[in-house]
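Colleague: What follows is a structure written as structure tokens; I'll ask about it next.
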Amino acid sequence: MARIVIENAYKTFGDFVAVNNVSLTVNDQEFVVLVGPSGCGKTTLLRAVAGLGIVDSGKIMIGDRDVTYLSPKDRKLSMVFQSYAIFPHMKVYNNIAFGLRMQRVSKAQIEERVQEAARLLHIENLLNRYPSQMSGGQRQRVAVARAIAMQSEVLLMDEPLSNLDALLRLEMRAELKSLLAKVGATTIYVTHDQIEAMSMGDRIAVMRDGEILQFDSPTRIYDFPATQFVGGFIGTPPMNFLEAQIQRDNGQLQVKIGEFTLSPPNYLHDALRLYEGQVVLAGIRAESMEALDAPAPDTLGVTVEVVEPLGSQNLLTIRMHNNVIKVSTHPTFPVVAGKQIWIRFPIDKIRWMNRDSGQALPIDLEKIVSR
């Protein structure tokens, strides 16, 4: 078992709190991604697990061992760095074999493990080359092969794809995810790229200011963000947030978004009536709104400011009073800048947030999922 448990980890650099009382459990053979903007604490937390930085307080367990204060070599893990950290004066074979030699593994085992790792990463024909003779993508494969050859139960990866161009990153995401599923290592992967996080992780921990705001499956985080920040950070384009007035008309609870009025279903009443007479935030994804080219019941007329053809979709920028929002339509939808269209807000796709705290309102999500 290579379960990783982080309990109340706290780390400062002078007056700056890098990791603020973080607790996190990564199950055996699970792939967990730490994602967030620069300076959110994700790399500091990863380095604490690796032993490259010691927490000020808290505990880190790997399996049944308390590794909080152990040196990196005693933690029985492998790490892939953003810079790859492969030795320029060594050929690929020796780079992959380096850690094994430090552990005094037999020559026969080294040969077997290097060849197996090279086969998994499709670099068998590069074993006699120097790093300077390879592309960035090939050097990245060498760094991963070196980590895989160690056969560690825990693998830590710090933005390993960030130095690659966009197309190569796309290819390597799929390859790396497939490879790590075969290897079966418990993996913590750090990235600032939310697309990488969504496409690769079994679960994602979204971090900000040294704290974990939400830890859940990619689908759950995308569909049900716990905070306004999570909704705005995860997704391309980010979730739209509109001010919504909670009011009552003839005894009926209603939500007014600009000139548009919605009647919430019963399962939303308990949460929304607590904000009667107040303004909350209504969050909705660009693809969750329905766009029509003619008026229809429960639609609102708006003017399109910008049309971005993206091949598989058109991304529209529209203005609603003081709000600029994004709407996704089918590429064949007839629209040009300056044209009026009508949009519909499916109320079951709206995510409700407290305007002041940015926290999601306490709504029974299972009732939404089961609809």
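Throughout, read-outs are computed from the coordinates displayed, never taken from laboratory work. Please read all numbers here as calculations on a predicted model, not as lab measurements. Positions of Cβ are generated from backbone atoms using ideal geometry, with glycine treated the same way; all protein chains shown enter the neighbour counts.
Colleague: Is the shape of region 240-369 best called rounded, prolate or oblate, per the rule: a/c under 1.5 gives rounded, else a/b larger than b/c gives prolate, else oblate, with a ≥ b ≥ c the square roots of the Cα gyration tensor eigenvalues?
Modeller: Cα axes put region 240-369 in the prolate bin.
Colleague: Indicate the gyration tensor shape class of region 140-223 (rounded, prolate or oblate), computed on the Cα atoms with a ≥ b ≥ c the square roots of the eigenvalues: a/c under 1.5 is rounded; otherwise a/b larger than b/c is prolate and the rest oblate. Each step should come with its number before you reach the end.
Modeller: Details: a/c = 1.75, a/b = 1.41, b/c = 1.24.
Prolate, because a/c is 1.5 or more and a/b exceeds b/c.
Colleague: Just to confirm the filter: which trypsin sites (Lys or Arg not before Pro) across region 254-338 are DSSP coil and have at most 15 other Cβ within 10 angstrom of their Cβ? All intermediate terms of the calculation are to be shown ahead of the outcome.
Modeller: On the way: sites: LYS256, ARG273, ARG285, ARG319, LYS326; in loops: ARG285.
Passing sites in region 254-338 do not exist.
Colleague: If you build a Gaussian network model of the chain, linking Cα atoms that sit under 10 Å apart, which residue out of GLN151, GLN313, GLN194 swings the most?
Modeller: Greatest mean-square fluctuation among the candidates belongs to GLN313.
Colleague: So for the pair ALA181, GLN138, with labels modelled 7 Å out along Cα→Cβ, what separation do we get in nm?
Modeller: 2.8 nm
Colleague: Round to the nearest 0.05 the FRET efficiency obtained for ASP28 and THR261 when R0 = 56 Å and r is the Cβ-Cβ distance. Walk me through the numbers before you get to the answer.
Modeller: Working: r = 51 Å, r/R0 = 0.91.
My answer for the efficiency is 0.65.
Colleague: Now, a different point. Taking 8 Å as the Cα distance limit and 6 or more residues as the minimum spacing, I'd like the relative contact order of region 240-369 as a percentage. Show your work: numbers first, answer last.
Modeller: Working: 252 pairs, mean separation 34.5, N = 130.
Over region 240-369, the number comes to 27 percent.
Colleague: Kindly express, to the nearest 10 degrees and within the range 0 to 90, the angle between helix 92-102's C-alpha long axis and the longest C-alpha principal axis of the chain.
Modeller: With both axes taken from Cα atoms, the answer is about 70 degrees.
Colleague: Where in region 238-260 is the amide nitrogen less than 19 Å from a point lying 7 Å along the Cα-to-Cβ axis of GLU308?
Modeller: Only 238-242 pass the distance filter.
Colleague: Continuing with the same structure: What is the gain in length, in nm to one decimal, between GLU112 and ILE347 on full extension, counting 0.36 nm per residue of separation less the C-alpha to C-alpha distance? Can you show the working numbers first?
Modeller: On the way: separation 235, 0.36 × 235 = 84.60 nm, distance 5.80 nm.
This chain segment gains 78.8 nm when fully extended.
Colleague: May I ask for the angle, rounded to the nearest 10°, between helix 107-120 and the longest principal axis of the chain, with both axes built from Cα atoms and the value confined to 0 to 90°?
Modeller: The two axes meet at around 30 degrees.
Colleague: Here is a further query. Where does the Debye-calculated log10 I(q)/I(0) of the chain sit at q = 0.06, 0.08, 0.10 Å⁻¹, using only Cα point scatterers of equal weight, no solvent?
Modeller: -0.31, -0.52, -0.75
Colleague: So, one more: Work out how much length VAL17 to GLN252 would gain on full extension: take 0.36 nm times their residue separation and subtract the Cα-Cα distance, in nm to one decimal. Intermediate results must be reported in sequence, preceding the final value.
Modeller: Details: separation 235, 0.36 × 235 = 84.60 nm, distance 4.71 nm.
Full extension from VAL17 to GLN252 adds 79.9 nm.
Colleague: Could you check which residue among MET239, MET200, MET102 shows the biggest mean-square fluctuation in a GNM of the chain with a 10 Å Cα cutoff?
Modeller: Checking each option, the largest mean-square fluctuation is seen for MET102.
Colleague: Sticking with this one: Using a cut-off of 10 Å between beta-carbons, work out the net charge of the residues near VAL33 (Lys and Arg +1, Asp and Glu -1, VAL33 not included). List each step's numbers first, then the result.
Modeller: Values: positive: LYS42, ARG203; negative: ASP193, GLU196, ASP202.
That works out to -1.
Colleague: Nearest 500 deg cm²/dmol is fine: what mean residue ellipticity at 222 nm does the chain get from its DSSP H runs of n ≥ 4 alone, each adding -39,500 (n - 2.57), divided by its residue count?
Modeller: Numbers: 10 runs with 97 residues, N = 371.
Estimated from H runs of four or more residues: -7500 deg cm²/dmol.
Colleague: Can you tell which of PRO346, PRO225, PRO72 shows the greatest fluctuation in a Gaussian network model of the chain with Cα springs below 10 Å?
Modeller: PRO346
Colleague: OK, next. What does the charge count near GLU159 come to, summing +1 for each Lys or Arg and -1 for each Asp or Glu among other residues with Cβ under 10 Å from its Cβ?
Modeller: Working: positive: LYS42; negative: ASP158, ASP193, GLU196.
Spelling it out: positives minus negatives among the neighbours equals -2.
Colleague: What relative contact order, as a whole-number percentage, does the chain give when Cα pairs under 8 Å and 6 or more residues apart are counted? Can you show the working numbers first?
Modeller: Working: 738 pairs, mean separation 55.3, N = 371.
Contact order relative to length: 15 percent.
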